[in-house]
Amino acid sequence: MTIEIHAGEGTRMTRTLVISGGTDGMGRALARTYLERGDTVAVVGRDPAKALPGTTFIQADLSLISENRRVIDEVNTRFPVVDALVLCARYFRTHRFVTKEGLEGTFALDYLSRFLLSHGLNGPRTIVNVSGPGQPDGRIHWDDLMLEHRYDGMRAQFQAGKANDLLGVAFAARHGDRTRYVLIHPGGVSTSVAGEYDAATAMHVEALKRYGVPVEEGIKPIVARIDDPPAEPLTAFMRHRPIGLDLPSFDPGAAEKLHEVTLAVIGSTAGPI
Ligand SMILES: NC(=O)c1ccc[n+]([C@@H]2O[C@H](COP(=O)([O-])OP(=O)(O)OC[C@H]3O[C@@H](n4cnc5c(N)ncnc54)[C@H](OP(=O)(O)O)[C@@H]3O)[C@@H](O)[C@H]2O)c1
């Protein structure tokens, strides 16, 4: 956090935020909000044309471990202090996609990138993981983590959602003394909801866009948590409403198991976190 003194305006704090998926949807709207306040905002995404002028754009395909490592190095070098890391990158795929590193795409982008950025950046004060905490449909397919045998786009997304809940639990157990980890479900929000959909899912997505709240409304609970992070090391929210951490989704045993399994997945590729 930097303290800036403006003549006649008193003192205001400027902050540094890093937003993955900050080129579109809620990530982009958050970037705009904090730029307008005078904060430093770094956004990570693939498409430079969508980056807001004034942000520091870091181009990366976050579904690749190697790219996450490059982003981590760049952020840690350029921004020694990160006040808030906001995790928004996502991409839906009806058909199974395997990255060139051999990982199932939704696992790699919607979960593993968040694991890497959460653990790899230089101790952000707050991490806000925008996902879908506490969903009863979420489960980890321990025997088929890459969903080689039973891929379905929704199954992959629910698995990633559950994995993010467990990421929050395992992260808070290790770093709760220095970082507040917030899991937040924004509800239905009318964004681009980018992805590669079959016809039935595309119809569902169009309905979501029609009935979702506007992006500016959708980001309000996220802004509230960034501006005023809860005191606890880990919290979860459905928009503004807290979600109890006693749900099975936040099982500490499963969180530790996934942490170890994830380290093994990462360890099978070159380089440190
Ligand atoms: N919208 C909803 O109703 C809703 C509901 C529940 C939860 N959520 C969660 O809220 C978060 C934000 O969702 P949103 O709807 O705002 O998303 P969105 O509009 O679809 O934007 C997704 C972002 O992810 C980036 N991205 C996609 N693939 C990438 C890749 N391989 N590498 C790097 N960046 C990549 C995109 O940037 P580029 O195109 O530049 O790559 C874009 O900035 C997500 O985590 C989502 O799961 C949303």
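The values are calculated or read from the model by the stated rules, or taken from the named source; none is laboratory data. What you are looking at is a predicted structure, and each value in this text was computed from that prediction instead of being measured. All Cβ positions, even for glycine, are placed from backbone atoms using ideal geometry, and neighbour counts span all protein chains on display.
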- Inspect region 82-90 for any residue being under 18 Å from the mean Cα position of the chain (by Cα), under 30 Å from Pro230 (Cα atoms), part of a loop (DSSP other than H, G, I, E, B) and of a type in the set (D, E, K, R) and give the result as yes or no. yes
Residue pairs within 6 Å by beta carbon, gap of at least six or interchain, first lying in region 222-244 and more than 19 Å from Lys162 (Cβ to Cβ), second assigned to a loop (DSSP other than H, G, I, E, B), listed first then second, are Pro233/Gly176; Arg239/Gly187
In region 140-151, anything out of contact with any helix residue (DSSP H, G or I) (no Cβ under 6 Å at 6 or more places or on another chain), surrounded by 13 or more Cβ atoms within 10 Å (Cβ to Cβ) and under 23 Å from Val205 (Cα atoms) is listed as Tyr151
Q) Within region 102-114, is there a residue that is within 12 Å of the ligand (Cβ to nearest atom), in contact with a helix residue (DSSP H, G or I) (Cβ under 9 Å, 6 or more places away or on another chain) and of a type in the set (Phe, Trp, Tyr)? A) yes
TODO: Answer yes or no: is there a residue in region 93-101 that is modelled with pLDDT of 95 or more, over 16 Å from Gly195 (Cα atoms) and out of contact with any His (no Cβ under 8 Å at 6 or more places or on another chain).
DONE: yes
Looking across region 181-228 at residues that are within 16 Å of Tyr34 (Cβ to Cβ) and among the small types (Gly, Ala, Ser), the single one that is farthest from the ligand (Cβ to nearest atom) is Ala224
If we ask which residues in region 118-130 are within 11 Å of the ligand (Cβ to nearest atom) and not in a strand (DSSP E or B), their number turns out to be 0
Of those in region 196-225 that are in a helix (DSSP H, G or I) and touching a helix residue (DSSP H, G or I) at 6+ places or on another chain (Cβ under 8 Å), the residue surrounded by the most Cβ atoms within 10 Å (Cβ to Cβ) is Ile222
Filter region 87-101 for residues that are crowded, with 24+ Cβ neighbours inside 10 Å and of a type in the set (A, V, I, L, M); the one that is nearest to the ligand (Cβ to nearest atom) is Ala89
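Can you tell which of Val193, Val182, Val189, Val169 is surrounded by 14 or more Cβ atoms within 10 Å (Cβ to Cβ), within 19 Å of Arg96 (Cα to Cα) and touching a strand residue (DSSP E or B) at 6+ places or on another chain (Cβ under 8 Å)?
Result: Val193 is the single residue among Val193, Val182, Val189, Val169 that is surrounded by 14 or more Cβ atoms within 10 Å (Cβ to Cβ), within 19 Å of Arg96 (Cα to Cα) and touching a strand residue (DSSP E or B) at 6+ places or on another chain (Cβ under 8 Å).
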Filter region 229-252 for residues that are in a loop (DSSP other than H, G, I, E, B) and either touching a Pro at 6+ places or on another chain (Cβ under 9 Å) or within 15 Å of the ligand (Cβ to nearest atom) (or both); the one that is farthest from Ala156 (Cα to Cα) is Pro230
